[in-house]
Structures are given as structure tokens and as C-alpha cells.
Amino acid sequence: MNWPVPSHDDVRPQPPSLRTLTEYLNSSGWTLIDEDSRTSMWRPARKLPEDIFVVLPIREDFTDYGELVYEALRAVAYVERRSLDEIAADISYGAADSVAVRLFPDAPPGEAPLSL
């Protein structure tokens, strides 16, 4: 599997699995618009001046799977205006950088005191 992303440590990087990649596309607003026995085609939720689509292979055992996924991630990064590393991290870690906080301030519901 030829994955053209350089390693940042001694571990050889691998492309994300097809399952995690399609879960990411579904959860981030991409729409599956076509699927056949070899590929699936996705369109971004937000309208762009140019037509940009992501095409994924249906199976991971294709010899060029890594290259196809790399090109798909480049298109996703362009559409979402984020880096390839950010997209890959979200796919790998499931947006683990999201933080939720529950406060119990002395303020009306939906408001927080300025000291916070």
C-alpha cells in the first residue's frame, strides 16, 4: 500500500481505513452521491464555485488504495480549508480536541459571569 505521507517518527504511517474515512465524511456533512462496484463519490455540503468531488475506492485491497485516499484527503482539506494533518487527525482520533464544560455559575441559565 503506497501511502505518500512522510513519517514523523519511526512508525511507518498507514492510510486511514475506508470505514473511518467514510464515517468522517458522513459526520462532517459530505453527501454520498454515487456508488458502483469500484468507487464511491462524495460531494461537500457547502456549495463551492467549482465542482469538487471526493472519489474513494470501495475496497482497501486495491494496489493504489493509499494514493487514492491521499488524493481524496487533499480534496477534503481544500474544501474544509484545513491542513491535511488536521483532517487526518480528526479521522484518526475522532475530533478528540472538542471540549465540553459544565459550569454552575451564579448567573441565569445560558449566561456565565465575567469572572469565568
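Bear in mind that the values in this text are calculations on the coordinates, not laboratory data. These numbers were taken from a predicted model, which means no experiment stands behind them. Reconstructed Cβ throughout: ideal geometry from the backbone, glycine too, with neighbour counts over all protein chains shown.
Using 0.36 nm per residue, how much length does the chain from Glu71 to Leu32 gain when fully extended, once their Cα-Cα distance is taken away? Extra length available between Glu71 and Leu32 comes to 12.3 nm. Maximal additional length on extending the Leu84-Leu18 stretch stands at 22.1 nm, based on 0.36 nm per residue less the C-alpha distance. Protection proxy ranking for 45-53, 59-67, 71-79, using the average of other Cβ atoms within 10 Å per residue and placing the highest first: 71-79, 59-67, 45-53. When peptides 31-41, 17-27 are ranked by their average number of other Cβ atoms within 10 Å per residue, the highest-first order is 17-27, 31-41.
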